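Participant: The following block contains the structure, expressed as structure tokens.
The values are calculated or read from the model by the stated rules, or taken from the named source; none is laboratory data. All of these numbers come straight from a predicted model, not from anything done at the bench. When we count neighbours, we look across all protein chains shown, and the Cβ atoms used for this are built from the backbone with ideal geometry, even at glycine. Calculation scope for accessible area: heavy atoms of the full protein, side chains included, ligands and nucleic acids excluded. Shrake-Rupley method; radii C 1.70, N 1.55, O 1.52, S 1.80 Å.
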Amino acid sequence: MKRLIAVTVLSAAATAGAQTFNNLELGLTGGYAGGLSGAVFVHAPNVVGPVGVKVGVAFTKPSDSINDSSPEIPGLSGPNETFGAAKQAGRASEYGSQTVVSADATYGLGEVAPGVDTMVYGGVRYGMFKATEDYGSSGNTTYSTNAFGLGAGAMASYALTGNLSLVGDLGADYFFNGPINVNTVRADGTTFSDRYETGDASYAENGSRVIRPGTSFKARIGIKYMF
């Protein structure tokens, strides 16, 4: 599936680039989207009138990955307390990552002020989310899920030179539920793996432990270069 998404994104970018090569834009932005976030995108504006195509990949280091109110995992931790209490006591830590591939149609709104161009966009998303609760030498559990979604937003750019512009991006993405893969590694190296489909009885329990974006708001700023 990941390979298929990558091929689709690259094909869309190549097609758009071939149609409007002289106006192809490459952008790099950074900011916040549920945590520190960076993104790279390729945009072909005015493919059909004011309508263009934009594809991109964003990576986010979430500020929180595991729900603090979740109970500790029996067999991996000591006292039967919440995960938040285990973190405060130094028995546990958390980390995770979020990677989102996007494909959007764009609509140019033109200049709203001298040198400032704006556009709106909307399209599909494919998110790959991972979160780990780590109990040190006692072991860890990693939750991973891939999910489709939808997104929309607006971008504004300010020309710095003939080809280089400052760009700001505000938007929101919504992701549907997807299967959750759970991998536990115990102190002796024993590994247990489970998969919970959205209709399984244990899906809600495992899903509530992980902080995954249902609706994710983003604000990034960066630069773009027109070829």
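Quick grid of which residues meet (1) in contact with a strand residue (DSSP E or B) (Cβ under 6 Å, 6 or more places away or on another chain); (2) aromatic (Phe, Trp, Tyr); (3) without any contact (Cβ under 8 Å) to a residue 40 or more places away in the chain:
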site	(1), (2), (3)
170	yes, no, no
189	no, no, yes
196	yes, yes, yes
220	yes, no, no
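Participant: Going by the conditions given, is residue 61 assigned to a strand (DSSP E or B), basic (Lys, Arg) and free of Cβ contacts under 8 Å to residues at least 60 places away in the same chain? Full working, then the answer.
Facilitator: On the way: assigned to a strand (DSSP E or B): yes; basic (Lys, Arg): yes; free of Cβ contacts under 8 Å to residues at least 60 places away in the same chain: yes.
Taking the combined requirement at face value, the residue satisfies it.
Participant: Run down 186, 209 and say which single residue is over 22 Å from residue 45 (Cα atoms) and surrounded by 18 or more Cβ atoms within 10 Å (Cβ to Cβ).
Facilitator: Going through 186, 209 in turn, just one is over 22 Å from residue 45 (Cα atoms) and surrounded by 18 or more Cβ atoms within 10 Å (Cβ to Cβ): 209.
Participant: Would you say residue 127 is open to solvent by less than 20 Å² (accessible area, probe 1.4 Å), closer than 24 Å to residue 95 by Cβ and under 20 Å from the mean Cα position of the chain (by Cα)?
Facilitator: Details: open to solvent by less than 20 Å² (accessible area, probe 1.4 Å): yes; closer than 24 Å to residue 95 by Cβ: yes; under 20 Å from the mean Cα position of the chain (by Cα): yes.
Taking the combined requirement at face value, the residue satisfies it.
Participant: Also: Among the listed residues 146, 140, 177, identify the single one that is closer than 15 Å to residue 58 by Cα, in contact with a strand residue (DSSP E or B) (Cβ under 8 Å, 6 or more places away or on another chain) and of a type in the set (S, T, N, Q). Steps first, please.
Facilitator: Numbers: 140 fails: closer than 15 Å to residue 58 by Cα; 177 fails: closer than 15 Å to residue 58 by Cα.
Of the residues listed, the single one that is closer than 15 Å to residue 58 by Cα, in contact with a strand residue (DSSP E or B) (Cβ under 8 Å, 6 or more places away or on another chain) and of a type in the set (S, T, N, Q) is 146.
Participant: Tally time: how many residues in region 189-206 are among the hydroxyl-bearing types (Ser, Thr, Tyr) and open to solvent by less than 60 Å² (accessible area, probe 1.4 Å)? If you could, list the steps in order and put the result at the bottom.
Facilitator: Residues of region 189-206 among the hydroxyl-bearing types (Ser, Thr, Tyr): 190-191, 193, 196, 198, 202-203.
Then keep just the ones that are open to solvent by less than 60 Å² (accessible area, probe 1.4 Å); that gives 190, 196, 202-203.
Within region 189-206, residues that are among the hydroxyl-bearing types (Ser, Thr, Tyr) and open to solvent by less than 60 Å² (accessible area, probe 1.4 Å) number 4.
Participant: Looking at (1) modelled with pLDDT under 95; (2) open to solvent by less than 60 Å² (accessible area, probe 1.4 Å); (3) part of a strand (DSSP E or B), which is the one condition that is false for residue 84?
Facilitator: (3)
Participant: Next question, about the same structure. Quick one: would you say residue 59 is aromatic (Phe, Trp, Tyr), out of contact with any Asp or Glu (no Cβ under 6 Å at 6 or more places or on another chain) and within 21 Å of residue 166 (Cβ to Cβ)?
Facilitator: On the way: aromatic (Phe, Trp, Tyr): yes; out of contact with any Asp or Glu (no Cβ under 6 Å at 6 or more places or on another chain): yes; within 21 Å of residue 166 (Cβ to Cβ): no.
Here the answer is no, as residue 59 does not meet what is asked.
Participant: Looking only at region 105-118, count how many residues are within 19 Å of residue 223 (Cβ to Cβ), in a strand (DSSP E or B) and not aliphatic (A, V, I, L, M).
Facilitator: 5
Participant: Inside region 152-180, can you point out the residues that are of a type outside the set (A, V, I, L, M) and either touching a Ser or Thr at 6+ places or on another chain (Cβ under 6 Å) or open to solvent by 50 Å² or more (accessible area, probe 1.4 Å) (or both)?
Facilitator: Applying the first criterion (of a type outside the set (A, V, I, L, M)) to region 152-180 yields 153, 157-158, 161-163, 165, 168-169, 171, 173-179.
Of everything in region 152-180, those that are of a type outside the set (A, V, I, L, M) and either touching a Ser or Thr at 6+ places or on another chain (Cβ under 6 Å) or open to solvent by 50 Å² or more (accessible area, probe 1.4 Å) (or both) turn out to be 157, 158, 161, 162, 163, 165, 169, 173, 174, 176, 177, 178.
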